[in-house]
Amino acid sequence: MMATAATAMRLSFSSSHSLQPLPLSTPRSSIRVSPRIRPPAVRAAVSATPTAPATSSTGIVLFDRSEAEKVNRLKTTFLEKVVPLLTEEFKYKNVHEVPKIEKIVVNCGMGDAEQNSKGLEAAIKDLAVITGQRPVKTKAKNSIATFKLREGATVGIAVTLRGNVMYSFLDRLINLGLPRTRDFRGVNPNSFDGHGNYSIGFRDQSVFPEIRYEALGKQKGMDVCITTTANTDNEAQRLLALLGMPFREGGGPTVLVRRKKKKAIHFESKSRGRN
């Protein structure tokens, strides 16, 4: 009697939970198989399938999805493409001899920082949005009575970028900030300091898309100093050029020739002859 009841319960459960075939009108795209159910060979084949680049209606390739998914695009370009080119061009024997970007310092001077505290806080927020790192306040080292400046007073803000944040800021600087500059014809190739470091000045921070032009009050500029490990200016310029820095044509790092200082005897002889 109990066996008959158990058999009846099994039959009722199987009939109520039986798998029904899908209708013919159901599209195949709506049927999804969990990755856990797929065999290992199928999962490997699906993961190894390259994604095709997105194209427009005319067939022109707009962008490569593999490039867009990279977090640090400029850093990947430096390691995969720039390092072999520099090694071949300058005949480096060791990979560690290849010049690289060490740090980027962004500073913004504010003469009225002591009197305008709200403007200082707004400048700190804008520079933090641009660089992705909160800046610090810079203090005056000496007192200058001509400029009504006391020692320890706030004269500006500065931020030092390293690592992935540095490459991200440099990528936006080269591809977004510089092309949006008014009457831009390339950066000056003679702005190297003789030790492989390069400096750029901006008159307006609104060239970066993170800053809204409507919310920008007083026009503020900033200086960008790119510090490299290059021994010469030629190596540093080649490094930045391969990274995409748009240098102005018809120029380059020049070697300054210092003139000898004349002694007081030369000036005394000239003054005696005039008398």
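Along the charge dipole of segment 76-120, pointing to its positive end and built from +1/-1 on Cβ of Lys, Arg, Asp and Glu, which listed residue (P84, Q115, I104) has its Cα farthest out? The residue sitting most towards the positive pole is P84.
All other residues whose Cβ lies under 12 angstrom from that of G244 are scored, Lys and Arg at +1 and Asp and Glu at -1, for a net of +2. Please give the FRET efficiency for K137 paired with E89, using the beta carbon to beta carbon distance and R0 = 35 Å, rounded to the nearest 0.05. It comes to 0.25.
The residues F147, F184, sorted by heavy-atom accessible surface at 1.4 Å with ligands and nucleic acids left out, run F147, F184 from largest to smallest. The simple spin-label model puts a point 7 Å past each Cα toward its Cβ; for I144 and N234 those points are separated by 3.8 nm.
Of the cross-linked pairs K148/K220; K118/K139; K81/K125; K103/K220; K103/K148, those separated by over 27 Å at the C-alpha level are K81/K125; K103/K148. Normalised by the number of residues in segment 92-189, the average gap of Cα pairs under 8 Å and 6 or more apart makes the relative contact order 30 percent.
Accessible surface computed residue by residue for segment 104-252, with neighbouring protein chains in place and a 1.4 Å probe, gives 57 Å² per residue.
Between the alpha-carbon centres of segment 148-215 and segment 77-133 there is a gap of 8 Å.
The values are calculated or read from the model by the stated rules, or taken from the named source; none is laboratory data. No experiment lies behind these values; they were computed from the predicted model shown. Backbone-built Cβ (ideal geometry, glycine too); neighbour counts: all protein chains shown. For accessibility, only protein heavy atoms count, side chains too; no ligands or nucleic acids. Shrake-Rupley method; radii C 1.70, N 1.55, O 1.52, S 1.80 Å.
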